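Each reported figure results from applying straightforward, stated rules to the coordinates on display, with no laboratory input. Only a predicted model underlies this, so the values are computations on that prediction, with no experimental measurement involved. FYI the Cβ positions are ideal-geometry reconstructions off the backbone, even for glycines, and counts take in every protein chain you see.
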Amino acid sequence: MKDNEIRTRLAPSPTGDPHVGTAYQALFGYVWAKKNNGSFILRIEDTDRERSSRESEKAIIDSLKWLGLEWDEGPEIGGPYGPYRQSERLEIYHEYINRLVAEGNAYPCFCSREHLADVRKERQKAGSSSGYDRKCRDIPPKEAAKRVEAGEEFTIRMKIPLEGTCVFEDLLRGKIEKDWASIDDQVIMKADGFPTYHLAVVVDDHLMKISHIIRGEEWINSVPKHVLLYEFFGWEPPVFCHLPLLRNTDKSKLSKRKNPVSINWYRKTGILPEALLNFVGMMGWHLSDDREKFSLQEMVDNFMLEDISLGGPVFNVDKLLWLNGRYIREDFSTDELLERLVEWGLNREHFRKILEICKGRMSCLSDWGELTGHFFSGRISLSKEELLLKDMDDTETSEILQIILWELEKLDSFSKENIYSLFKGLSEKLDIKLKYLTQPLYIAISGNAVSTPLFDTMDILGSDISRTRIRCAIEELGDLSKKRLKLLEKKYDSLFGDS
Ligand code: GLU
């Protein structure tokens, strides 16, 4: 590595669908590294064993590749500071955790979950902003070591100063201050021996020689803990640059309730990667001549981190569609566009899957057109009356569709077998016959009560498109009020909580 090399990183946790927020952080990190002839690093932060999965990691990697944001170092390709998957770096973290304990900057905590939950409740009631009473902080180190040796379960916590203020710089916001008293003694190693995010991110950013941490604003509150860890280790922290939060058109924080947030949805809907990158590049940044359509290379050439503006950027899907349309009309010859269409869905492999489930309904080849339209459309037109569940009104139907959505979100693998057993389970729990329960789904998914088999169709369309179509159906029926949604959530938790 050259001295003073600009090194940025994307550090996604593989715990779900690839999010547009990940594309946003990736783009800005990538552009800043390339602008400075530096390196862009991909690090997989999979320390949450329950929520992380290899499928999610693969989906994130696929979507970044589709966007064309290639990294210089990362899990598949390696690099000088690997491994780049945190679950493969446990020994490294243990070395640093042991050092913190040995130097008196961290300590084992033996409190049970129950005790911690009780203390948190009590302290919340008393108006305290921190949740832990630091019960184990003063156990003499020798006694603590004995208890550890005897096999008692423990976590490790870092010692946060009891008073004073933490001051740090954010490149876009300047000086930020936070009172130490409001911060808990953060757990840095869990009972399963895995580090928490806070410890791992600091150790890795240091060892991987990251010069600029470019990530979402939601991480600002974690910085004091990180700054303290850098201090404990005697390391120089990187530059912190927290990007403004992406917002829905109503200015609330971007959420999947109001907007598709999975990169896969945009890909499957037929947004071009060039347009999506360009659009994400407009989130808080613009060219000096205010031109809205620009290429990745133009962004690299003109980009300065300091130019990012903090006024909440709005992720307006209509605007993205407008931009995408410009790319389609202005940047491609018919033959080039045809290539894109083939890649997107007009290919043998995709046709074959569809034909498999359609052929039973075809009497001549030209039936194909009418039978398969829903596999190649974005939004489909719906009629409210047709969506209604037997003997139910629009709100009741919406509620059932919402429950279906929540259940679908929990599916690890969106296969027709899994979807079928999910609906079967739902039909029993909700006491609605399967054929009635699926009836509005036919309309929501294919726009037609008589159509291709539902579960196969959802399997082929994939989870993002299927879920968005169900969400559109709920919208069509009239969104549920906040209050109703809260009540429904409670009912859902009690019915499905442990499933
Ligand atoms: N693993 C964190 C995430 O899921 C990374 C946060 C960071 O960039 O420090 O976003």
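If a/c stays under 1.5 just call it rounded; otherwise compare a/b with b/c (prolate if a/b is bigger, oblate if not). Do that for region 264-370, with a ≥ b ≥ c from the square roots of the Cα gyration tensor eigenvalues. Note, shape of region 264-370 comes out prolate. Pairs from the table (Lys319/Lys490; Lys125/Lys483; Lys225/Lys483) lying more than 29 angstrom apart at Cα are Lys319/Lys490; Lys225/Lys483.
Considering only the other residues whose Cβ falls under 15 Å of the Cβ of Leu337, what net charge follows from Lys and Arg at +1 and Asp and Glu at -1? That sum, taken over residues with Cβ under 15 Å, equals -4. Treating the chain as a set of equal point scatterers at the Cα positions, no solvent, please give the Debye-formula log₁₀ I(q)/I(0) at q = 0.06, 0.09, 0.13 Å⁻¹. Listed by q, the Debye log ratios stand at -0.35, -0.77, -1.36.
What does the charge count around Pro237 come to, taking other residues whose C-beta lies under 11 Å from its C-beta (Lys +1, Arg +1, Asp -1, Glu -1)? It would help to have the intermediate numbers written out before the result.
Numbers: positive: none; negative: Glu169, Asp205, Glu231, Glu236.
Cβ neighbours under 11 Å give a net charge of -4.
Applying a 4.7 Å cutoff between beta carbons, the unpaired cysteines of the chain are Cys111, Cys166, Cys241, Cys358, Cys364, Cys472.
Return the ratio Rg/(2.2 N^0.38 Å) for region 2-161, where Rg is computed over Cα atoms only.
Output field value: 1.34.
With a 10 Å Cβ neighbour count serving as the proxy for reagent exposure, in which order, fewest first, do Thr47, Thr165, Thr196 appear?
Thr165, Thr196, Thr47
For the pairs Lys175/Lys410; Lys35/Lys253; Lys58/Lys390; Lys35/Lys65; Lys384/Lys424; Lys258/Lys293, flag any whose C-alpha to C-alpha distance is greater than 31 Å. Over 31 Å Cα-Cα: Lys175/Lys410; Lys58/Lys390.
Here's how it looks for Ser13: its modeled amide H is under 5 Å from those of Glu45, which are all 5 or more places away or on a different chain. With angles folded into 0 to 90 degrees, how steeply does helix 394-410 sit against the dominant principal axis of the chain? Use alpha carbons for both and round to 10. For helix 394-410, the angle is close to 60 degrees. Straight-line cross-link reach from Lys433 at under 19 Å between alpha-carbon atoms covers these aspartates and glutamates, not counting any fewer than eight positions away in the same chain: Glu386, Asp391, Asp393, Asp394, Glu396, Glu399, Glu407, Glu417. Model label points for Ser415 and His286, set 7 angstrom from Cα along the Cα-to-Cβ axis, are 5.0 nm apart.
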